[in-house]
Amino acid sequence: MRSPEPLIFEISKPGRRAYSLPELDVPARDVAELLPESEIRREPAGLPEVSEIDLVRHFTRLSQLNHGVDIGFYPLGSCTMKYNPKVNEDAANLPGFNNIHPYVPDELAQGALQLMYELQSYLAEIAGMDYVSLQPAAGAHGELAGILIIRAYHRARNDMKRTKILIPDSAHGTNPASAALGGFTVVEVPSDERGGVDVEALEAAMDETVAGLMLTNPNTLGLFDENIQRIEKIVHSKGGLLYYDGANANAILGTSRPGDMGFDVLHFNLHKTFGTPHGGGGPGSGPVAVKSFLEPFLPVPTVVLEDGKYRLSYDRPQTIGRMKSFYGNFLVMVKAYAYIRSLGPDGLREASRDAVLNANYILRRIAGYYDVPYDRHCKHEFVISPGKIKKETGVRTLDISKRLLDYGVHPPTNYFPLIVDEALMIEPTETESKETLDYFADALIAIAKEAYEDPEAVKSAPHTTVVGRLDEAGAARNLNIRWEKPE
Amino acid sequence: MSYPENLKYTKEHEWVLVENGNARVGITSYAQDQLGDVVFVELPEVGTELKAGAMFATVESVKAVSDVYAPVSGTIVEVNEALNDSPELVNEDPYNDGWMIVIELSDPSELDNLMDSKAYQKMVEEGGE
C-alpha cells in the first residue's frame, strides 16, 4: 500500500518553477505605480513552488487515487453515472465551439446558435414540452428556474394566495430547498405502501393555497407512479401546476414523456441523462422546459430562428430574468447534442430500456440476500436495505458500502431516500456489460454472507484502499480545510 | 438501549424530564443511535414560544438532517449552549449532558399525552417509527 499523497504545499521548495513566462515586450512598471496601496499585498501569497515534473507527478498520482466511470463501476443511485462517450469530447473540442468568445456577434456565431436552437427543440420533443431554456447550470438550478416560473405564472394572474409547494417524502432534498429559495412553504406528502404518492393525502393537502407539486417520476425508489393521471387531475383541478424533476429521466427516454403525463414545467440534467461528465468532471447543465402557456416566463436569452438566421432573444417582458451569466454551460450542451445525435431516437429509447433491464437484473439476483422494501419491477434504479442483516449481525449500510470499495466498485447512494431505513440506492445505468452487473451482484451477495461469517471484516472495511475508514464525524465537527505553514 | 423510568417520551423519539413545573427536552438513546454521529445541533433562542408538535431544533448527523419536535407547549427558558461546540454530547449522554432545551409549560395537562418508558420501549422494540 502506498502512503497518501502529500499536499502540494508540502513538496514546495523556494525558487522552483513549473513554467516560465516569456520576456516582457513592454516596459516593466512597479505595481505600486499601478494600484492603490490598499490593494497591494504586504506578504507574498504563499503559493506552492514546484518544478514541472513534480507538478505533473503530483496531480497524476492524485488522479490515480480517484474513482471515476472510466476506472470502474459506479452504481450511484439517482446520479446516472453512465459512460460518457469520448466522441462527445471531440465535438466540444472543436475550435469553433471551444474558442468562441461569449461577446461574438450573433451573425458570427451561427453554428453555435444553431446547435443551441436544435438542442432546445430535441429536448422539447423528448420531454413532450413546447419551449426550452438552456440557461440553468445544473439540476437544482433548473429546479429553482422552474419554481420561479411557477411563481411568476401565478403572480401574473394576480393569484397571490398560493404560498405552498407540495413535495413527496421520497423527493431529492434539492426539491424542498428550491421551493424554499423561491419563497414557498414546503408541505410534505407521504408515500403509499407501493412507494408512490399517497393520493388521498395529496387530495387532502391540495387546495387554492398550493402553487404546485414537484414530482420525480420514476421516483427515488426507482418506481414509476402508477397514479400519475389521478395526481395530475388533483393538482390541476385546484389550479396548481406540476413540476417534473428530471433527475430520473434516464428511465423514460422515448417511452413516456412528462408533457404527456400532464407536467407543466421540468428540468433535465444533461450531465446525467445525456452523457456528459459530472461529479468532479462537470460542470452540469439543467435546461428547463415548459408548456406554451408558461413560455412568457422563461429565463432569457433563448435562441430563436428568424428568416434563416439564429439569434439570441431577450424579448420577453414577463421573464423571470437571467439564471446564469452568458448562455449557460455551452460546452456541456455541445456534448449532450453530440450524444443525442449519435444515438438518435431509437438509440435513446434503447438506452433507457437497457438501463431499466440492468436495474431489474441486479435486483432479482440479490433479492434473496437483502430486504426489498417495495418489491415491484423497478425502473432504472432500486432501493434495498440490509434490514435483516443489520438486525442479526450489526452490519450496516455504511459498512456494506465501505466493503464494496475493496471490490473496486463505487458504493451506491447511502441512506437515501429517507423513507427507507438504512437505504442502499443502486443505479447501474445502461452502459454496463452483463459481466460487470454479475460481478457487482456477486460482490453484494459475498458481503451479505460475510456479514454472518466474519462481520468484523465488513465493519472495518475498506482494507485495500490507500486510506481506510475516515473519521467523518470528527472531520465534520472540527472542519479544517486550510493548510498552515509549519513555523 | 436504555429507557429511563423517570422520563416521558414522544412517538418522534424525544424525551421529557419534568422538574419544577418545567420540561427539560432531548432526544432518546434510540434516536441518537439511529442518527449516527451527530455533527451539528441548531438550537432555538431563549424566549421562543412553542406549540406542542412544532419543530424547534435541527440535528445533523453524518447520515442525515432531522428535525426535533416540541413534546409540549410553552416558552423556552434555557437552551444547552454546550451543544454548539460539542454536538457529540447528544450521542455520548443523550439523557443528561445531551439535553437540548427547557420549556416553561403553558399547559401541564399535555404531559398526559406522552408515553411512559414501558410504552416507549415497546414501541421501539416493535419496529418503532
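Computed from the coordinates by the stated procedures, all read-outs in this text should not be read as laboratory data. These numbers were taken from a predicted model, which means no experiment stands behind them. Because the Cβ atoms are built from the backbone with ideal geometry, glycine has one as well, and the counts that use them run over all protein chains shown.
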Review point. Could you state the number of Å between the C-alpha centres of region B:1-57 and region A:104-122?
Key: 58
Practice item. Determine ³J(HN,Hα), in whole Hz, for all residues of region A:228-237 in sequence, where each value follows from phi through the Karplus function 6.51 cos²θ - 1.76 cosθ + 1.60 and θ = phi - 60°; x replaces Gly and Pro. Key: 4, 5, 5, 4, 4, 5, 4, 6, 5, 5
Exercise for review: Round to the nearest 0.05 the FRET efficiency obtained for A:Asp346 and A:Val466 when R0 = 25 Å and r is the Cβ-Cβ distance.
Suggested key: 0.05
Check your understanding: Evaluated at 10 °C with a viscosity of 1.306 mPa s, what Stokes-Einstein diffusion coefficient in µm²/s does region A:107-162 have when Rh comes from the Kirkwood expression over alpha-carbon pairs?
Key -> 120
Review point. If each of A:Asp354 and A:Val87 carries a label point 7 Å out from its Cα toward its Cβ, how far apart are those two points in nm?
Key: 1.3
Review point. What dipole magnitude, in Debye to the nearest 20, does chain B give about its Cα centre under +1 on Lys/Arg Cβ and -1 on Asp/Glu Cβ?
Key: 340
Point to revise | trypsin sites (Lys or Arg not before Pro) lying in DSSP loop within region A:368-451, provided at most 14 other Cβ fall within 10 Å | key: none
Review point. For A:Lys449, which lysines qualify as cross-link partners when the Cα separation must be under 17 Å and same-chain residues fewer than eight apart are set aside?
Key: A:Lys388, A:Lys390, A:Lys391, A:Lys402, A:Lys459
Revision key, fill the gap. Expressed in nanometres to one decimal, the distance between label points 7 Å along Cα→Cβ at A:Glu125 and A:Gln229 is 2.7
Exercise for review: Give me the distance in nm between label points sitting 7 Å out from Cα along the Cα-to-Cβ direction at A:Lys161 and A:Glu200, one decimal.
Suggested key: 2.7
Revision key, fill the gap. per DSSP, antiparallel bridges as share of beta bridges in chain A, % nearest 5, sits at 55
Exercise for review: Per DSSP H run of at least 4 residues, take -39500 (n - 2.57); add these up for chain A, divide by its residues and hand me the 222 nm value, nearest 500 deg cm²/dmol.
Suggested key: -11000 deg cm²/dmol
Check your understanding: Please identify the chymotrypsin sites (Phe, Trp or Tyr not before Pro) of region A:95-148 that satisfy two criteria: DSSP loop assignment and at most 12 other Cβ atoms within 10 Å. Which are they?
Key -> A:Tyr103
Check your understanding: Taking A:Lys485 as the anchor, which lysines have their alpha carbon closer than 17 Å to its alpha carbon, excluding any fewer than eight residues away along the same chain?
Key -> A:Lys13
Review point. What are the ³J(HN,Hα) values, in whole Hz, obtained from phi via the Karplus relation 6.51 cos²θ - 1.76 cosθ + 1.60 with θ = phi - 60°, for each residue of region A:470-482 in sequence order, with x given for Gly and Pro?
Key: 8, 7, 5, 5, x, 5, 6, 6, 10, 4, 9, 10, 10
Exercise for review: Neighbouring Cβ atoms within 10 Å as the yardstick, rank A:Cys378, A:Cys79 fewest first.
Suggested key: A:Cys79, A:Cys378
Review point. Based on the Cβ-Cβ distance of A:Ile71 and B:Glu5, what FRET efficiency does E = 1/(1 + (r/R0)^6) give at R0 = 60 Å, to the nearest 0.05?
Key: 0.65
Point to revise | Förster-model FRET efficiency, 22 Å R0, B:Glu42 and B:Leu111, C-beta, rounded to 0.05 | key: 0.30
Revision key, fill the gap. Checking region A:292-354 for chymotrypsin sites (Phe, Trp or Tyr not before Pro) in a loop per DSSP with at most 13 other beta-carbon atoms within 10 Å yields A:Tyr314
Study note, to complete from the structure: Whole-percent tail of the Cα-Cα distance distribution for the protein assembly as shown, cut at 47 Å, equals 24
**Study point:** Note, ³J(HN,Hα) from phi for region B:64-74, Karplus 6.51, -1.76, 1.60, rounded to Hz, x at Gly and Pro
**Key:** 6, 10, 10, 8, 10, 10, 6, x, 9, 8, x
Study note, to complete from the structure: PRE zone check, label point 7 Å out along Cα-to-Cβ of B:Met123, amide N under 15 Å, scope region B:70-101, hits B:70-72
Point to revise | Proximal lysines to A:Lys291, defined as alpha-carbon separation beneath 27 angstrom and excluding residues fewer than eight positions away on the same chain | key: A:Lys161, A:Lys164, A:Lys233, A:Lys238, A:Lys272, A:Lys309, A:Lys324, A:Lys335, A:Lys379
